[in-house]
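Have a look at the structure below before the remarks.
The values are calculated or read from the model by the stated rules, or taken from the named source; none is laboratory data. Quick caveat, the model's predicted, so the values are computed rather than measured. Positions of Cβ are backbone-derived with ideal geometry, glycine not excepted, and every protein chain shown enters the neighbour counts. Accessible surface areas use protein heavy atoms only, side chains included; no ligands, DNA or RNA. Shrake-Rupley method; radii C 1.70, N 1.55, O 1.52, S 1.80 Å.
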Amino acid sequence: MASMGCILSPTLLSLKTLKTTCSAPSLLLTFRARKPLKTKIIQGRSTKFTETLKIVNKPKSRHIQSSGEKGFKFFLRNFKYISIFQPLWKCQYFVLQFWSMLDSKKMKFSSHFIALPKLRKFREMVYNSFSKIVARSIIYLMIIMLVSVAVSKNPSWALTEENLLFLEAWRTIDRAYVDKQFNGQSWFRYRENALRKEPMNTREETYMAIKKMLATLDDPFTRFLEPDQFKSLRSGTQGALTGIGLSIGYSTGVDGASTNLAVISSTPGSPAERAGITPGDVIIAIDETNAENMGLYDAAERLQGPEGSSVKLEIRTGDFQLKSLTLKREKVTLNPVRSKLCEISSPGKDRSRIGYIKLSSFNQNASGAVKEAIETLRGDNVTSFVLDLRNNSGGLFPEGIEIAKIWLQKGVIVYICDSQGVRDIYEADGSKAVAASEPLAVLVNKGTASASEILAGALKDNNRAVLFGEPTFGKGKIQSVFELSDGSGLAVTVARYETPAHTDIDKVGVIPDHPLPASFPMKMDEFCTCLKDPASSCNLSTAQLFSR
């Protein structure tokens, strides 16, 4: 019988020791029972039992079992079904030994669990405390709501129309500005302090508060535009304005810092060009007002005015000569493109037909005008092109991208970057290419800025064109203009850019492949003359012009 499984001795009926022999591990297991128990022989194989030990008459408990005790006994009943305990259950050694230990040390299992009366008392205590907490929370919430209603009805606590305009400008900078560190300050804290401390009772005071806020960014290109300034800026990008035809910026000192107001370019045919003002000239004063600490938009406003009125300028030229000029304002039509055919004869060779295109600005008509000029020159059977970007101070960024696509079959045009790195890439896919195969030379100088530099850098880094001239202005940042609800606006630096070769040109400029002769002319009519006359000091041969 022993070979078939485990046998329980009949001596169990008299509270004697129960002796059980297991054939598999050959161990002697012992436990004691408190009351007479009925027994049952467990049939099984030598290594695997087929039926669990069952006690028919359970001892009466002296207390009501808690859930923890029941859970532990449930664990014991299902001990053999837990996979990690299968090897242990085969002999039941550890279970029986555990109960034997408890009995031998006179320990009662029930003493380790909380009695039901105690649980009920604890539950009532928790319920009473919770109800008090809920009642107090409801009272506090009602008080807060009453105070909020009172504050909202009190005009001294509510946001005024002027506050809302200030917040509109603040949110625009918060969303769009390139430097998310905001020049090392807490932008949210500045908002709260400004709303508490800055006077905003009138529109003029609100404008002053906005200008003061922008000044903390220390960015000369991020500026507030009052409604008339914003309207004037819009008209300039649409093709016409009233002034003297100057594009201005900041000159760069030896340490790379921006210093004085400087001339970037003079619009062809404008009063400034006729007066001989050239790129790099420094503006000392405007109408006898010192321009040393004058902002860009303040200076631009002073230079513009009613048609026929005069403005007095004090200029320091590149050779440090001082000039005093009085110019009459007139309506300056910004025709962005002019073109000309140059026929150059070479001994023993066919005539070279070169199409010269002068691009003076990037207004909303620029890309269409460039396409039209290319088609016109192609009608004259040109074999190559010269694109003159000298004294082009830039303009609309999208127009610069569109013009680059005209000349490129494929390739990166510009990388747009922020404080986290590259965030956008503008590329040409060939769908808008018009002149992507003819030899191309590009002329640049220190008056070539902004969108012009994007175009020049794209054509150079994609090996599409040869650049001639001098390093460009070095404005490697992009501004967007945002209109506010009262008709005013913000010009905000939204990104910086890198050329396709990942060159950051800010305050450095695009470096040309070759210099131009010192006497090379600026005017379109004189360009062809230099190319035709080999004896001229400004001459460039066709081979030199398109050779890398």
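When Ser537, Ser452, Ser309, Ser519 are compared by accessible surface with a 1.4 Å probe, the order from highest to lowest is Ser537, Ser519, Ser309, Ser452. Considering only the Cα atoms of segment 161-218, their convex hull presents on average a projected area of 3.6 nm².
For Ser265, the amide hydrogen comes within under 5 Å of the amide hydrogens of Ser247, counting only partners 5 or more places away or on other chains and with H modelled in the peptide plane. For His514, His502, the ranking by accessible surface with the largest value first comes to His502, His514, using a 1.4 Å probe. Estimated at 0.36 nm per residue, the fully extended path between Thr383 and Glu470 surpasses their Cα-Cα distance by 28.7 nm. Taking 7 Å steps out from each Cα toward its Cβ at Arg171 and Lys410 produces label points 4.4 nm apart.
Cα convex hull, segment 428-475: 80 Å³ per residue, rounded to a whole number.
In this structure segment 161-218 gives 57 Å² per residue of accessible area when probed at 1.4 Å with all protein chains present.
Put Ile315, Ile138 in order of accessible area, highest first, and with a 1.4 Å probe you get Ile138, Ile315. Label-to-label distance, Glu427 versus Asn293, with points set 7 angstrom from Cα along the beta-carbon direction: 5.0 nm.
Taking all protein chains as they are arranged and a probe of 1.4 Å, the heavy atoms of Glu307 leave approximately 130 Å² accessible to solvent. If only the Cβ of Lys and Arg carry +1 and only the Cβ of Asp and Glu carry -1, the dipole of segment 161-218 around its Cα centre is close to 180 debye. Dipole check for segment 479-540: with +1 at the C-beta of Lys and Arg, -1 at the C-beta of Asp and Glu, and the Cα centre as origin, the magnitude is about 180 Debye.
Only the Cβ atoms of Lys and Arg (+1) and of Asp and Glu (-1) were treated as charged; on that basis the dipole of segment 242-331 about its Cα centre amounts to roughly 300 debye.
Note on Val434 and Leu322: their simple-model spin labels are 4.8 nm apart, each label 7 Å out from Cα toward Cβ.
Binning the alpha carbon pair distances of segment 377-526 at 5 angstrom intervals from zero yields the distribution 2, 9, 18, 21, 19, 14, 8, 5, 3, 1, 0, expressed in whole percent.
Cross-link check: pairs Lys180/Lys231; Lys323/Lys358; Lys460/Lys507 evaluated at a Cα-Cα cut-off of 25 Å; pairs beyond the cut-off: Lys180/Lys231; Lys323/Lys358.
Computed from the C-beta positions of Ser547 and Thr160 and an R0 of 60 Å, the FRET efficiency is 0.35 to the nearest 0.05.
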